[in-house]
Amino acid sequence: MISISRNERIHSIEWKRGEDVRATRVHAHAAWSLGIVCSGSTTASFGRKRLRLERGDYLAVPPGTLHLCDPDTESGFSYSTLYVGAEYSGLFPTSFGCIFSGAVDTSAADSLCERFIACRDARELAEILDRLATLLDSGLARLLEPVATIRFDVSIDDGAPSRNDRYKEYRSSLRAYGAGSSSIHQTRRIETAKALLRSGAAVVDAAMECGYYDQSHFDKAFRLYTGLTPIAYRAQTY
């Protein structure tokens, strides 16, 4: 089960909560994200890097960072994830540009997430980000070395793997990012679709804009990436 709360004034701020969820595919977000394990345990992967997360642990991930979260078991695993749009990166504390993790008071984190959803402007957002940084710093345990990040400020067509030399592109992408070019292309398509749906676009229009000409294909790809169908994702916005 997955639920999403969204800031009515700043649509790129989301708070996602999930219970009994499956492992996701390799993906990246156009937003900065903070994931908290509420129950159970999982392994987060960044290419060849692995990070074990138990109940009460958090993981902060900068925009464009490819990663994979693999719960030990679907049953009994739950999480909470806050997303803040990269367009507000100028307000982020410097540390938020790195991958870092540690332990956190989940009740205090939930209270701050509620404030993120209710905040009204950039000034208030900056204040809440500072409070969040203080909370995370108090339990900081691990700081990962920087990893390559993908860009989202390119057209979807430009990011598509070439048919002429897919294997070469795959190997090059795997060395640079820890994921194949097709996975990166899919990530860009779904993140673009999410932004369109948040802005009020119809599901069929978002699918066409992102190069999905078969609705069932779009539904399947979107659900594998987000845990929700496009219709369900949009319904939690409007």
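Here are some notes:
- Residue pairs meeting the criteria (Cβ under 9 Å; at least 6 apart or on separate chains; first in the same structural domain as E14 (by TED's automatic domain parsing), in segment 59-87; second acidic (D, E) and assigned to a helix (DSSP H, G or I)): S80/D110
- Taken over segment 175-210, the criterion of being at pLDDT below 90, in a loop (DSSP other than H, G, I, E, B) and either in the same structural domain as N7 (by TED's automatic domain parsing) or farther than 22 Å from I10 by Cβ (or both) is satisfied by G178, A179, G180.
- When L91, L68, L34, L53 are checked against the criterion of being of a type in the set (A, V, I, L, M) and more than 22 Å from L132 (Cα to Cα), a single residue qualifies: L68.
- Residues satisfying the stated conditions in segment 90-113, i.e. touching a residue at least 60 places away in the same chain (Cβ under 8 Å) and not in a loop (DSSP other than H, G, I, E, B): F96, T106, A109, C113
- Taken as a whole, segment 40-53 holds at least one residue that is crowded, with 22+ Cβ neighbours inside 10 Å, of a type outside the set (A, V, I, L, M) and over 17 Å from I150 (Cα atoms).
- Within segment 19-45, considering residues that are under 13 Å from the mean Cα position of the chain (by Cα) and part of a strand (DSSP E or B), the one nearest to G76 (Cα to Cα): I36
- Restricting attention to segment 6-16, the residues being assigned to a strand (DSSP E or B) and under 12 Å from the mean Cα position of the chain (by Cα) number 3.
- In segment 54-72, of all residues being of a type outside the set (G, A, S) and closer than 14 Å to A30 by Cα, the one that is surrounded by the fewest Cβ atoms within 10 Å (Cβ to Cβ) corresponds to P62.
- From the options R142, R123, R131, R151, residue that is assigned to a strand (DSSP E or B) and either outside the structural domain of G35 (by TED's automatic domain parsing) or over 17 Å from the mean Cα position of the chain (by Cα) (or both): R142
- A Cβ distance below 7 Å, combined with a sequence gap of six or more or placement on separate chains, defines the contacts here; from segment 20-49, residues that are in the same structural domain as A133 (by TED's automatic domain parsing) reach residues that are part of a strand (DSSP E or B) and small (G, A, S) in the pairs A31/G85; L34/A60; I36/S80; C38/S78; C38/S80; S39/S78; G40/S78.
- Summed over segment 217-231, the residues that are surrounded by fewer than 16 Cβ atoms within 10 Å (Cβ to Cβ), modelled with pLDDT of 90 or more and not basic (K, R) give a count of 3.
- Of the residues in segment 88-111, at least one is under 18 Å from the mean Cα position of the chain (by Cα), among the aliphatic types (A, V, I, L, M) and within 13 Å of I36 (Cα to Cα).
The values are calculated or read from the model by the stated rules, or taken from the named source; none is laboratory data. Remember, predicted model here, so these are calculated numbers, not experimental data. With ideal geometry, Cβ positions are generated from the backbone for all residues, glycine too; neighbour counts draw on all protein chains shown.
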